[in-house]
Amino acid sequence: MCLALYGKEELDALQAMAKEKFSSVRNLNHEVVHFRGQPCTPEHLQIIVKAIPITEGHSLRFSWPVLPSLLHYKEAPLHYTSHLLEHEGKGSVLALLRELGWAKGLAAGESSSLHFAFLNVEVDLTDAGEEHVEEIIGLIFQYLSILRGEDGVHSWIFDELKAVADMQFHFQDKYSPFSYTSELAANMRIFPPEDWLAGNLPRVFDQQIISQAMEPLTPERVRIFVYSKKYTDVATEVEPWYGTQYNCEKIESSLLSKWKSSEVDPRLHLPAPNEFIPRDFSILNDADSSLNVPCVLKNSKMSRLWYKPDTKFLTPKAQLELLFICPVAYTSPEAVLLASIFSDLVNDYLSAYTYSAQVAGLSYGFSSPDDGFSLSVSGYNDKMMNLAKKIVAAIVNFEVKEDRFSIMKENIQKSLINRRFEQPLDQAAYNGFYLMIYKNVHFTEMLEVLPTLTAETLQQFIPQLFNRVFLECFISGNVTSAQAEDFLQHVEDSLSNGVKSKPAFSSHLKEKRTIRLEDGANFTYPTTGRNPEDENSGLYLSLQLGPDETQLNVLSELLRYMMNKECFHQLRTIEQLGYVVDLQSEYLYGIRSLDFYIQSTVKDPESLEARVEAFLEQYQETLEKMSREDFETNLESYIKLKLEKHKNIWEEIGELWGEIRNGTLKFTRGKMEASAARNIKKQEVVEFYSTYVLQDAPRRRKLSCQVYGNKHLDAYKVMKGEEAHDSTSLLVSDASQVEPESKTNPEPMGEAITATPPKVPEEILDSQADGGRAVNLTKDSGPVSNSHTGVEHEGIPSNDTDVFTTNELVAAHIKEEAKEAQERDGNVIQPTSGLEKKFQHEVSDGEESLGAIESNVSVKEVNAPKATEGNDGQKEAKSKRRRQLIDDMDAFKRSQSLYGSLWGGMHHHHTILQLASSVQPKEV
């Protein structure tokens, strides 16, 4: 047995603890089981296997049986070999394959045990590359012949690897103690005591050992695997475990000879020395050490610079986050795709240059989120700004290469097509987020317009893309304020001079808004899984709570913290609903929700939802009967979690950038919420639960997204069939098709709850017996929806309410009502309890309606299914409200009111100036 203890105690105390806790463990003197010899006999070598993958795409894999590197861990021969094989710089295999348009990526590495190992090389092929597999194999062997040659092993290459490994060891970040002790305990079984901490760091250059490790990497000892859907005709065998179709055959001797004797392509050669290996590890101390939150160094029409020096970890590392907010980037599916292809091409063009930076401990990411482009650079600060400026230059001087454009387009097309193979739970969650985000693009829209895009289209799009830009920048770590300002000025100058960018208008910026479900909402969006062969079903059930507010955040997170183990125990362990059961308190564009995720082959989504509702009813009793001691224990654990210190600088920067990126600016959120939590009483949590979470809670707002796998298609058909034949259901795609209802008041619709509209003529509105309201669609009125005031919430004002309707008879009345609503402090239902008073502002603050429902009606109301008896004898939870079945996702979104906006990263100046005046960096 190997034991590693990690703690703040002295070594003597840790040793005493180990003796006390583990001295009773008996030593049985069992020997470690050894599996000596090689797993591959000659018949397993010189083979090529062609197999059919599940997803779209092509790949090529090489595998050679080799001696494990643990036998020579200080010399690291396979580390040296893998580093060169997967290099992306000029002269590498991947650089040449990309130039030829045959590959998208290449990875190399060892999979090993104590006695045998394999060196694997995997190439991600393009469609063109799949047609040149033999040539690609030949290029791999040509490069290996360079490595095995007299000039293939160099001490300077090893010294670079050693310098990087030493640097990473001495400046490694703290990470999870659990992971660290697990790693140490594993090292104790492999390495001598003096190397338990260092492990397999490269330390000794030995040319002979490295050369010997490369000797087996020949055509005679290779195993080749090719994966493509084009092998349907030849892949006639089926393996018994996963049913994969494949074909295995010996490689012809003539082909082996060709690969072995072919001349080396002159474009292949060893890499140049790495210019990014840092040399300066000094700590910069030019800022006020009391500056614990980001401050604003610059705030102009075109940019804003946030800055925070490292005053805590004191490591030679830094991070730069730069958001290019480009209003044009998200105006249509075409714009989204072109922006994505642009970012992919920039990364592609830079790959040969940036690979050396990544080897040297720098990392970067350039991507296209929903409001422009995001550039992130992090690592050792010595060369970080050099890399960042090189990336900016590539962005500004971008030119489309038609051959690379075709490959990036192909990659995106396959990625979109492969979404049908996503897990059903991921599909359900995607549907939920799409329904709740006001303006976003569905992947099917992108798949439809992608074929129309050309390299010329992208070249014409670039000037529009960067015509108007706003830069949101955050620089933190071992960087001076002068360096931070210099970098942002460099970016501004590059954009202004290179692509003639001008500052973006605030009216151009994307509003990040979510749909606001009405109190009592009970929406369901059912669909079948995209993969007809997948037996799993998925459920995403979201209970929308309200805007970002300290008290609400604490109550929702504390409740989730207390419920989580009970939820998993009941639904996963006891009821065995599925392998994936999760409960999260989540945050979408400033709006908090409590979300359930379940994936199952055992029950269909409707039954899963019923079991969630049953659990919620059951947990109410658990919560009410919870002792004071148990509640305080949970509360104290939650507070400790909120006050947990960041383990490394990346955690701190990530949290602060999240506040800037989301527009919330609560840089001390953990302390604020921990402080508020100390005053929380059990009764407040009980009230919160009965107000927002229970099935009959007055302020419950539920969205359920169901994905039915192929085992549950009958249940899906039953659901759709039942709804279609329900006498009270309403499903229309055009309001003009709705038959006029009687002018007399209809019978009350039980406990149906629909969106609360503004005051409209009595002939349009029927008050219900339970206090809810229903819209009566008639030829005289047309459909209408709720309208709320546009009120400021936490310094982020919403737009003026823009109410509209397709019915001329009520349009003027609706607009007049909206205008009156803006002039008063909220058109809300008066609170009926102390808890509702605390959150009254949620009903009005930051809310804004799109006005009346347009001509499309997106949901149909159905009677809830009757309670049934579960297999375990427990009664299924009875639905307390009429379900509203979503038929058209986009029409549903148009029919709902909205929460106030978060402005695409560009906060209002009064908020920024107020914060900037409170904390300023020390003058340099």
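The values are calculated or read from the model by the stated rules, or taken from the named source; none is laboratory data. Quantities reported herein were computed from a predicted structural model and do not represent experimental measurements. When we count neighbours, we look across all protein chains shown, and the Cβ atoms used for this are built from the backbone with ideal geometry, even at glycine. Areas reflect the complete protein model, heavy atoms only, side chains present, ligands, DNA and RNA absent. Shrake-Rupley method; radii C 1.70, N 1.55, O 1.52, S 1.80 Å.
At 1.4 Å probe size, with every protein chain present, just tell me what the per residue accessible area of region 85-219 comes to in Å². Please list the in-between numbers first.
Numbers: 6090 Å² over 135 residues.
So region 85-219 comes to 45 Å² accessible per residue, rounded to a whole number.
For each pair in Lys104/Lys258; Lys603/Lys645; Lys74/Lys389; Lys301/Lys389; Lys8/Lys642; Lys21/Lys174, compute the distance between the two Cα atoms and list the pairs where it is over 31 Å. Intermediate results must be reported in sequence, preceding the final value.
Details: Lys104/Lys258 25 Å; Lys603/Lys645 41 Å; Lys74/Lys389 37 Å; Lys301/Lys389 22 Å; Lys8/Lys642 21 Å; Lys21/Lys174 26 Å.
Over 31 Å Cα-Cα: Lys603/Lys645; Lys74/Lys389.
Output ³J(HN,Hα) for region 674-689: one whole-Hz value per residue in order, computed from phi by the Karplus curve 6.51 cos²θ - 1.76 cosθ + 1.60 with θ = phi - 60°, and x for Gly and Pro.
Coupling constants for region 674-689: 5, 5, 5, 5, 4, 9, 6, 10, 4, 4, 5, 5, 4, 5, 4, 4 Hz.
Once label points are set 7 Å from the Cα along Cα→Cβ at both Arg148 and Ser675, what is their separation, rounded to one decimal in nm?
With each label placed 7 Å out from Cα toward Cβ, I get 6.8 nm.
Ignoring ligands, DNA and RNA, what percent of the accessible area of region 1-45 is carbon or sulfur (1.4 Å)? Don't jump to the answer; show the numbers that get you there.
Working: 2310 of 4300 Å².
Here it works out to 54 percent.
Tell me which chymotrypsin sites (Phe, Trp or Tyr not before Pro) from region 240-334 have a DSSP coil assignment and no more than 12 other beta carbons within 10 Å of their own. Please list the in-between numbers first.
Working: sites: Trp241, Tyr242, Tyr246, Trp259, Phe276, Phe281, Trp306, Tyr307, Phe313, Phe324, Tyr330; in loops: Trp241, Tyr242, Phe276, Phe281, Phe313.
Here the chymotrypsin sites (Phe, Trp or Tyr not before Pro) that fit, given the DSSP loop and packing criteria, are Trp241, Tyr242.
At 1.4 Å probe size, with the rest of the protein present, what percent of the exposed accessible area of region 49-164 is carbon and sulfur atoms?
Working: 2090 of 4080 Å².
Whole-percent figure for carbon plus sulfur exposure: 51.
Starting from region 1-52, pick out the trypsin sites (Lys or Arg not before Pro) whose DSSP state is loop and whose Cβ has at most 12 other Cβ atoms within 10 Å.
On the way: sites: Lys8, Lys19, Lys21, Arg26, Arg36, Lys50; in loops: Lys8, Arg26, Arg36.
The qualifying sites are Lys8, Arg26, Arg36.
Are there GluC sites (Glu not before Pro) in region 469-552 that DSSP marks as loop and that have at most 14 other Cβ atoms within 10 Å, and which are they? Numbers along the way, then the final one.
Details: sites: Glu472, Glu485, Glu492, Glu511, Glu518, Glu533, Glu535, Glu549; in loops: Glu518, Glu533, Glu535, Glu549.
Here the GluC sites (Glu not before Pro) that fit, given the DSSP loop and packing criteria, are Glu533, Glu535.
State in Å² the accessible area per residue of region 231-322; use a 1.4 Å probe, count heavy atoms of protein chains only, and round to the nearest integer.
Details: 5220 Å² over 92 residues.
Spelled out: the 1.4 Å probe surface of region 231-322, per residue, equals 57 Å².
Whole Å is fine, so just give me how far the alpha carbon centre of region 156-185 lies from that of region 472-496.
Cα centroid to Cα centroid, the span is 30 Å.
What does the accessible area per residue of region 501-597 come to in Å², with a 1.4 Å probe and no ligands, DNA or RNA counted? Provide the component values of the computation, followed by the final result.
Values: 3220 Å² over 97 residues.
Per residue, region 501-597 has an accessible area of 33 Å².
For Gly89, what is the net charge nearby, where nearby means another residue's Cβ is under 13 Å from its Cβ and Lys, Arg count +1, Asp, Glu -1?
Details: positive: Lys90, Arg98, Arg267; negative: Glu86, Glu88, Glu99, Glu160, Glu275.
Overall, the nearby charge balance is -2.
To the nearest 10 Å², what's Trp657's accessible area with a 1.4 Å probe?
For Trp657, the solvent-accessible surface is approximately 30 Å².
Given a 1.4 angstrom probe, I'd like the percentage of the accessible area of region 561-669 that is carbon and sulfur, rounded to a whole number. The partial results should precede the final answer.
Working: 2390 of 4830 Å².
Looking at region 561-669 in its full context, I get 50 percent from C and S.
Run the quick spin-label model on Gln38 and Arg203: label points 7 Å from Cα toward the beta carbon, then report their separation in nm to one decimal.
Label at Gln38, label at Arg203, 3.0 nm between them.
Can you give me the distance in nm between label points at Phe421 and His269, each placed 7 Å from the Cα along the Cα-to-Cβ direction?
Placing both labels 7 Å along Cα→Cβ, they lie 4.0 nm apart.
I'd like the FRET efficiency for His646 and Thr622, computed as 1/(1 + (r/R0)^6) with the beta carbon distance as r and R0 of 30 Å, rounded to 0.05.
Numbers: r = 34 Å, r/R0 = 1.12.
E(calc), rounded to 0.05, equals 0.35.
Pull out a ≥ b ≥ c, the square roots of the eigenvalues of the alpha-carbon gyration tensor of region 309-394, then state rounded if a/c is under 1.5, prolate if not and a/b is larger than b/c, and oblate in the remaining case. Don't skip to the answer; put the middle values down first.
Details: a/c = 3.23, a/b = 1.71, b/c = 1.89.
Oblate is the answer for region 309-394, as a/c is 1.5 or above yet b/c matches or exceeds a/b.
Quick check: residue separation of Gln489 and Glu183 times 0.36 nm, minus the Cα distance between them. What number comes out in nm?
On the way: separation 306, 0.36 × 306 = 110.16 nm, distance 4.43 nm.
Separation in residues times 0.36 nm, less the Cα-Cα distance, equals 105.7 nm.
Can you tell me how much longer the chain between Glu237 and Lys720 gets when fully stretched, taken as 0.36 nm per residue apart minus their C-alpha distance, in nm with one decimal? Mind showing how you got there, number by number?
Details: separation 483, 0.36 × 483 = 173.88 nm, distance 4.04 nm.
Extra length available between Glu237 and Lys720 comes to 169.8 nm.
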